[in-house]
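Read through the structure below, which is laid out as structure tokens, and then see the notes.
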Amino acid sequence: MQRLLPAYEYYKREILPASPPEFHFTSQQKHKTDLSVSGSHGQTRRRPLPGEEIDRASMEAKYAELRRAVEETAAVDGHAHNLVAVDSSFPFLRCFSEAEGDALAFAPHSLSFKRSLKDIAELYKCEASLDKVEKFRKAQGLSSITSKCFQAANISAILMDDGIQFDRMLELESHKDFVPTVGRVLRIEWLAETIINDDSFSGSSWTLDSFSEIFRTKLKSVANTIVGLKSIAAYRSGLHIDPCVSKTDAEDGLRKELAGQKPFRVTNKSLIDYIFTCSLEIAVLFHLPMQIHTGFGDKDLDLRKCNPLHLRCVLEDERFANCQLVLLHASYPFSKEASYLASVYSQVYLDFGLAIPKLSVQGMTSSLKELLELAPIKKVMFSTDGYAFPETYYLGARRARDVVYRVLSAACEDGDLCIQEAIDAVENIFRRNALDLYKLNVANGSVHQKTTITDTRIPTSCVERDVLFVRIVWNDASGQHRCRVVPAGRFYEIAKNKGVGLTFASMGMTSFCDGPADGTNLTGVGEIRLMPDMSTILRLPWSRREEMVMADMQIRPGEAWQYCPRYALRKVTRVLLDEFNVTMKAGFENEFYLRRKLVSEGHESWVPYDKSSYCSTSSFDGASSILQEVYSSLKEADIVVEQLHAESGKGQFEVALKYVLCTLAADNLIYAREIIKSVARKHELIATFLPKPDLNDIGSGSHVHLSLWKNDQNVFMGSNEYNYHGMSNVGEQFLAGVYHHLPSILAFTAPHPNSYDRIQPNTWSGAYLCWGKENREAPLRTACPPGVPLDMVSNFEIKSFDGCANPHLGLAAIVAAGIDGLRRGLKLPEPIGMIF
């Protein structure tokens, strides 16, 4: 049987030469024979039979990762409007309704009002009455309630149409105090009306040519300072826009408008169509998206003319084939029509603000489902359509997160998506689609690399009263945990969005010298940016005035560096998903030694914490207070522990983590090691993950259990159709790829010379090139844990993985090898049952 070579020897010898719908029943209802229940839009659904009711707790557990993604993704608000001062005459009741005048008095009797009022009262911790909420907001002041609402909404950028006019409306610049990034969307009808109402021109002096020249000039002059255009043609003359409107008709329309009294309000259809067409020409020239109001709004519009299907003439016009058009407000009640258009026209995108949160829960859910029936997920975007009151931003964000979770979890239940695809959809819907479409460069505070974006200026003293430092963490190629520490005020003001600089050499350093390894191309010439991944932000359980956050490495804003370990793992897992519709989950076993300081005759040494044996109860008793704190800290970090026990070495322990998606598992492993080491240090101990800290004792590994999943089903496990030693065909081929490339994989999973002091025969560390079922001496062990049929296996374990490895690079190497096995249809040799 072939012994595994250390990675560097192998390299020299071998390589250099060559929330579905819920139903609730009373006990009486459960026994009724009527199995139909009315759903939305009058549809009939079958009642669940007895015992079929959905267990909400188990559903939440099943989709915990999806829920986390929905709640924690910092959203880009693609469409919103200016706030107003607290003493504005604009009635607060308009926060809940598009109604005006006498109709507004009935708003409190709507479903959305009752729900939204409770949502706001819950945020403000006051009584759920309109009077109490209004008293609270007036007592607190605009700055306080806006900060509270925006923080709860978790919005990282706002694209603001400032063309709507409210009493005592704040300037766009003022919003920089509440949100990291603000961009402007220019309303074209507002620009046209601003021009013709200018006192320097008399109405009789206008011609279509003179108006067009000024309109185009002004639009071009601001094109590099905005993120997009917007039209409210639906409010004025409807969406049946003629892109070939004649100049004669447009001129006649301009004359009719100017025959009225100032201030002029453009409503003539021919002139509106002409302005819209001119604007599209500028949009094409400057690559600006055009937002278009579609569907419902206040009574100023004719809903019959707001169906986006009326835009067909524009969509078919070849001049505008490359101009992205964003249909706002889910086009409600024409959501299905909008979904269809987005599916057949490459330039059509969808935004569901206003429909969420203004509809009932069923209405919001139904509308988003209808958008996703045909439309690509990459074309569907979040916005709040917030206006006047900060509460509208909060309500839009809160309810959007809830509805997106409901719809995506239901899609997972229906088999349309797997959980990882749903998580990716969250990132796309709430953030990535808008960043890409509007060419936002939030990382360096710019838009189109030209637009001025206003950054939040949160007073440093306010931030640092709570958190003093933020650690920006990365794991280098040698497995070293490193961090840059930024004062919290500066982090949230600058580094959160712009990152911090780092030399290329930092990824080429060895574990024994803070300098680049011999022969590496990573030197002190060149710099990357460490960009905080805010989804990983964690308040340190052992140091409450500090936070830490994982970093991505970017060569320039928005472009991943090829040596970034987290990017490498995301890249190969994306290939696995795209080619085979498979994701990989990983669960790590952390083995480590605890050492205590011993001072004897003036000499200081670090000795084993105890000398007990494997799974010793007395050993666990002695370290129980430490392990309790470790467990509590991991739990606070949402890292699930499955088991803890004393290991075979003197003062050696193991903490086994629950399997999760491998990208998250790698992050969790780094955080777990940080927590274990820091808690030990707090107790004046040292925790070491070194593979072989004592050559005369057992080594420490970071064994990893791996499984393959498709549509939330374990597809590594065999079935009646295919069962090769308990594995499916997919499982066998993936494991065969890992087996075939194992010597090369060791360069990533066991990267240190000390790693091979650990990988020795008869130490259950995987010293031989083989695999076996429940064979702990083999480097690759297929496992049949409790609950799995004896003739099946649910996962495989890699023994040759240790604490010197960068977990992202180690897992990336495993996934890449597995992909090769799947592509080539590799087969495994017979398993080894016993090694002598």
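See the values below:
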item: Only one of Ala80, Ala128, Ala121 that is within 33 Å of the chain's Cα centre (by Cα), under 27 Å from Leu408 (Cβ atoms) and aliphatic (A, V, I, L, M); result: Ala80
item: Which listed residue is in contact with a Ser or Thr (Cβ under 9 Å, 6 or more places away or on another chain), buried (at least 22 other Cβ atoms within 10 Å of the Cβ) and small (Gly, Ala, Ser), from Ser678, Ser702; result: Ser702
item: Qualifying residues in the stretch 491-504 (those that are surrounded by fewer than 19 Cβ atoms within 10 Å (Cβ to Cβ) and more than 15 Å from Met534 (Cα to Cα)) - the one modelled with the lowest pLDDT; result: Thr503
item: Of all residues in the stretch 176-215 being of a type in the set (D, E, K, R) and modelled with pLDDT of 90 or more, the one that is nearest to the chain's Cα centre (by Cα); result: Arg184
item: Among (1) in contact with a Phe, Trp or Tyr (Cβ under 6 Å, 6 or more places away or on another chain); (2) part of a loop (DSSP other than H, G, I, E, B); (3) of a type in the set (A, V, I, L, M, F, W, C), the one test that Leu280 misses; result: (2)
item: Sole residue being at pLDDT 90 or above and part of a strand (DSSP E or B), chosen from Ile686, Ile670; result: Ile686
item: Residue that is nearest to Pro743 (Cα to Cα), among those in the stretch 761-791 that are open to solvent by 10 Å² or more (accessible area, probe 1.4 Å) and not in a loop (DSSP other than H, G, I, E, B); result: Tyr768
item: Among (1) open to solvent by 20 Å² or more (accessible area, probe 1.4 Å); (2) closer than 30 Å to Ala410 by Cα; (3) in a strand (DSSP E or B), the one test that Ser707 misses; result: (1)
item: Subset of the stretch 81-96 (residues that are buried (at least 20 other Cβ atoms within 10 Å of the Cβ), of a type outside the set (S, T, N, Q) and in a loop (DSSP other than H, G, I, E, B)); result: His81, Phe96
item: Among (1) modelled with pLDDT under 75; (2) open to solvent by 20 Å² or more (accessible area, probe 1.4 Å), the one test that Thr510 misses; result: (1)
item: Members of the stretch 626-667 that are within 19 Å of Asp802 (Cβ to Cβ), of a type in the set (S, T, N, Q) and assigned to a helix (DSSP H, G or I); result: none
item: Hits in the stretch 228-271 - residues which are of a type in the set (Val, Ile, Thr), over 37 Å from the mean Cα position of the chain (by Cα) and surrounded by 15 or more Cβ atoms within 10 Å (Cβ to Cβ); result: Ile241, Val245, Val266, Thr267
item: Where a residue in the stretch 586-612 is under 29 Å from Ile798 (Cβ atoms) and its partner, wherever it lies, is at pLDDT 90 or above and of a type in the set (Asp, Glu), with Cβ under 6 Å and at least six apart; result: Glu589/Glu654; Glu591/Glu647; Glu591/Glu654
item: Filter pass, Asn795 being among the polar types (S, T, N, Q) and open to solvent by 10 Å² or more (accessible area, probe 1.4 Å); result: yes
item: Condition check for Ser619: outside any strand (DSSP E or B), crowded, with 21+ Cβ neighbours inside 10 Å and at pLDDT below 90; result: yes
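The values are calculated or read from the model by the stated rules, or taken from the named source; none is laboratory data. It should be emphasised that the depicted structure is a prediction, and the values quoted were computed from it without experimental measurement. For neighbour counting, all protein chains shown are included, and Cβ atoms are generated from backbone atoms with ideal geometry for every residue, glycine included. All accessible areas refer to the heavy atoms of the entire protein, side chains included, with ligands and DNA or RNA removed. Shrake-Rupley method; radii C 1.70, N 1.55, O 1.52, S 1.80 Å.
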